[in-house]
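Accompanying notes for the structure given below.
No lab work stands behind these numbers, since they all come straight from the coordinates. All of these numbers come straight from a predicted model, not from anything done at the bench. Every residue, glycine as well, gets a Cβ built from its backbone with ideal geometry; the counts of neighbours run over all protein chains shown.
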Amino acid sequence: MWYSTFRTIRRITLLVLAFLGLFFLLEVIRAGQTLYNLHPIAGWVFGIVLALLGFWLVGRLVWIFVSRPPLLIPPEVPALPEASVYQLRSYGQYLQKYMARLSDNPALTAELRQMANTGKATLDTALQSTGDKEGFLTAISTAETETMQPVVNHLDGLARRHVRTAMRDVMIGVTLSPWRAVDLWMVLYRNIVMVTEIIRTYNHRPRLREQLAIYRDILAIVAAVNFLSMGKNLLEGLCAKVPGVGRFLDDIAQGMGAGFLTAVAGHAAVDRCRSIRRWDRRAATSALGMQAAAFYSDVRDTFQQDILPAVLKRIGDSSRETMDKIISAINETGSMVSDFVKVPFQAAVSAGNTAISAGQSIHSFSKRHVSKWFRGKSEPSGQ
């Protein structure tokens with residue numbers, strides 16, 4: 001029931017996201033027409049710049065995919081203690097190839113590359129000198145704990161740093177940008193750069209069909225479970241706690257939402273690029289709740305440290321009381337995310353309501369007149 005409900009919500013979410021993409025395209029066309037009406041040259045320059053940016057992004061992505069080898073496909077192996085000798089030997093040979101890739105990875109230090117090379121040689125010797133199951137298990141366990149784990153953990157740290165940097169850049173750009181029509185272009189650009197940096201970090205790329213499928217599934221699931229409800233709750237919390245911030249509600253909500261989705265896309269790319277065992281979509285779906293709460297925590301901390309001071313400066317009120325109220329509203333939204341993912345079957349019961357609120361939430365992230373509606377509702381007259 002849980003999985004079928006997620007599939008239903010995912011389809012609804014994809015339809016809403018498609019509508020949002022169409023709305024963005026219309027906004028871009030309208031921006032081009034406005035510039036063309038001001039002066040034809042301005043309109044042509046706008047179109048040429050967008051076209052060049054699109055070609056550059058596609059070219060960069062294609063180059064990264066072509067210049068990096070595809071991700072190694074791990075063999076079908078059950079839990080190692082239950083695997084046969086043949087399966088253990090096959091998995092050990094796969095680990096040798098993986099460590100050979102690590103020994104040539106330019107993102108690693110010379111010491112870590114040497115560690116990977118030594119681990120590969122040690123595993124090769126162990127696999128050739130043993131023929132029993134216990135010997136294979138010992139050799140594989142040693143390779144995983146003494147070589148794979150420290151080396152891959154180092155790459156994980158580098159990749160997650162790229163994710164946090166991209167998330168911060170997206171949040172700053174979307175929250176503080178006065179041009180709504182170019183927000184999505186900036187988000188797409190920063191996300192593509194982030195993914196290429198992650199691929200470069202691990203020195204191999206996911207296979208194209210798998211990567212596209214993973215992005216579609218994870219993004220749709222996270223959107224259905226968390227993101228679509230987050231915007232509405234955040235806006236209502238800010239409206240109730242900080243009446244004077246009404247005209248900046250849309251900016252804050254857009255920045256938080258864009259940062260959240262950037263974190264999701266980044267961590268999805270990290271998980272797939274580092275995957276040593278086969279990536280399991282059902283297992284990833286089951287574990288997504290805990291990850292989503294961590295994603296929102298990263299977004300919240302980045303917003304408080306790097307963006308909130310600039311927002312308060314624009315508001316003209318940098319008092320500690322106003323800052324505390326905004327932080328309180330953001331924290332309550334984070335609690336909502338954590339509570340929601342802990343009770344998925346309650347979400348299944350209210351799937352219809354979730355679908356309705358999805359459209360309302362995405363709409364609130366897309367239209368600037370939402371802030372006017374909240375301001376009229378929350379700000380006292382005469383102010």
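Structure data summary
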{"read-out": "Arg205 long-range amide H proximity, modeled H, under 5 Å", "value": "Leu71"}
{"read-out": "Cα-projected label distance for Thr145 with Leu80, points at 7 Å along beta-carbon direction, nm", "value": "0.9 nm"}
{"read-out": "Unit charges on C-beta of K, R, D, E only; dipole of the range 117-162, Debye", "value": "260 debye"}
{"read-out": "Dipole of the range 19-120, positive end: most advanced residue of Asn105, Pro40, Leu26 [Cβ charges, Cα centre]", "value": "Asn105"}
{"read-out": "Packing-based order for 76-82, 56-62, 140-146, 201-207, using average beta carbon neighbours within 10 Å, highest first", "value": "201-207, 140-146, 56-62, 76-82"}
{"read-out": "Relative packing of 126-134, 161-169, 91-99, which averages over residues the other C-beta atoms within 10 Å, highest first", "value": "161-169, 91-99, 126-134"}
